[in-house]
1. Cut-off under 21 Å on the C-alpha distance; same-chain residues fewer than 8 positions from LYS482 excluded. Which lysines are left, in chain and number order?
2. Can you sort ILE380, ILE175 from fewest to most other Cβ atoms within 10 Å of each residue's own Cβ?
3. Using only helices, what value at 222 nm comes out for the chain when you add -39,500 (n - 2.57) per DSSP H run of length 4 or more and divide by the total residues, to the nearest 500 deg cm²/dmol?
4. By counting other Cβ atoms within 10 Å of each Cβ, how are LEU156, LEU10 ranked from fewest to most?
5. Post the alpha-carbon centroid distance, the range 9-36 to the range 100-127, in whole angstrom.
6. Taking LYS9 as the anchor, which aspartates and glutamates have their alpha carbon closer than 17 Å to its alpha carbon, excluding any fewer than eight residues away along the same chain?
7. Hey, can you rank 339-347, 225-233 by average C-beta count inside 10 Å, highest first?
8. How far, in degrees from 0 to 90, does helix 428-442 lean away from the longest principal axis of the Cα atoms of the chain, to the nearest 10?
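Derivation of every value follows stated rules applied to the coordinates shown; laboratory data play no part. Here the structure is a predicted model, which means the values were calculated and not measured. Cβ: placed from backbone, ideal geometry, glycine included. Neighbour counts: every protein chain shown.
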Amino acid sequence: MAVFEFNDKLATRLAILMTLALAPLGAISIYSEYQSLREQARSDDAMLVSRTADAVAGQRGLLESAMLSAHRLTPLLLDRLDDTAACSGFLREFVDATGLYAFAGFIARDGVMRCVSQGDEVDFRDSPTLQADMENPRSFFSFQPSGAITGRPVVLANRPVYDDGDFVGYVSISISRHTFTLIGTEPDQQTGLRMTYLVNASGDTLTSADNADSVDMLPDGGTLNSLLDVRNGVLRGISENGESRTFTIAEVIPGQLYALGSWSSDQLPFAAAMNLWRLSFPVLMWFASLAVVMFAVDYMVVRHLKRLNSQLRRFALGNRAEFQRLPDEAPTELREIDSTFSKMALLIRRDEREREEALAEKTILLKEIHHRVKNNLQLIGSILNLQMRRLHDPDARQILQGVQARVRSLATIHRTLYEQDRIAERYAASFFDSILQETLSLAKADAADLTVTKQFESVDLAHDKIIPASLLFAEALTNALKYASGPQGGTSQLDISLRSKGGFAELSVWNSVSEPLEQLPGDGLGRELMTAFALQIHGDIEIGPSVRNGCDGWQVCLRVAEQAPQTAALP
């Protein structure tokens, strides 16, 4: 329930509407920022790849020149393959002329290298790697930690030789590791520790492989294979020594040679990862917009509405103090509402005063009427008393005494109505109790040995039912006091009760009797009057003998429907 009340608040609804209104703009902004970050990331990656390729520019040029030299030597070697000495002398002159290469040789299809720039022929027929290369001829680069002729670390540029379309062998030109070191690029210490490698298409490292520290900075096998598949790009992975690093790959010779860079991930010259702060900026702007809107609504509307609601609540609970007008800073619409409420409150207060004055006048007039009726009934009772003094017939005197008793009961009712401040639902019990006390005080001379027990509960009776019920009650009291007697001359008992039972008000008058129950009079004027009063208020009445606590008696019991409460409880 509290959740629904929270959702019904103006600020909450405005927040939802603002969210719906800003959602498309926020989505566009986030998407734009995301695309911008992706472009920046691609630009950063391209910069890293470019710097990686630049770091091996000299080494790449040397290897390219070696592969180009092998291409140019091919037709010249084909003319000299039959003369091993001439072929070897030609290669020796070529190596000496260039001054960049450590060795040049031709490996025949049978796996024997007979044409060499220095040394003797070398047999490679037992090399499984060479046999695989012979089966699938292609240009490639390779590394040998100890060259077969020079005995030093060398990088080989190998190119297949064809004679009239038939594969006849490989031209192999080697470059010493020392030459690569001379033209290599030192690691950039300002942008974090990194090493640059040359890698062939098979993933074999051509340079830096003789340095243990350099080997530790190489990516593991899975990362290296992923990099070769990318050809040009950036990948974050784990190095051989278990360190998290950033690796870059640049294809320097298509399909043959790659430059591999190893960078420290936390010391890159620029951030290659997504900037979450920029992505969260639209969300922060959304929060800021909601905060501004909710603050503005609270300052300009909600606080004034709360003030109006507080004054209206006090007015509804009966506080008729003057309304405190809203300040001039409040919006015009709210000040108009405040003015309307103030005028309405003035009209209500005026109408209430008029109704209170009219009610007071009617109450005074009604009390005056009851007072005069009571006086007239008392006058009639006095006249009846004077008349009884002149009568000598006992029956006539008894009849007049009965009439006088009923007149006194009516006078008692009107006196109670005159003295009672309010005859309403919850005051019925006190009203009946007042009638009982007045009737007993008038009959105390004849009820000296009478024990009265009463029990009155609060009941809800309509106004038009109280007067007939009180007349019935007065008649029942008169009869009870008339016939009440104790067993064998004992104390007489009178039991009066008013209870609420299952939506009905039950009024009971019981008196003890000494005569046998079958000898008690069942019909009379009193019974007829009480029956008529019960029919008038649509009540059920039971009149007859009753036994209580082993004592014979006579009971009058009236059951009449209660009135349902009409005033709802205020919140």
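1. Of all the lysines, those that pass the test against LYS482 - Cα under 21 Å, at least 8 places apart if same chain - are LYS444, LYS454.
2. On the way: ILE380 16, ILE175 25.
Ascending number of Cβ neighbours within 10 Å: ILE380, ILE175.
3. Values: 15 runs with 288 residues, N = 571.
Per the formula, -17500 deg cm²/dmol.
4. Working: LEU156 24, LEU10 13.
Ordered from fewest to most neighbouring Cβ atoms within 10 Å, LEU156, LEU10 come out as LEU10, LEU156.
5. Value for the Cα centre distance between the two parts: 73 Å.
6. Hits, sequence-local ones excluded: ASP298.
7. Working: 339-347: 13.2, 225-233: 15.7.
Ranking the peptides 339-347, 225-233 by packing returns 225-233, 339-347.
8. Long axis of 428-442 versus the principal axis of the chain: about 20 degrees.
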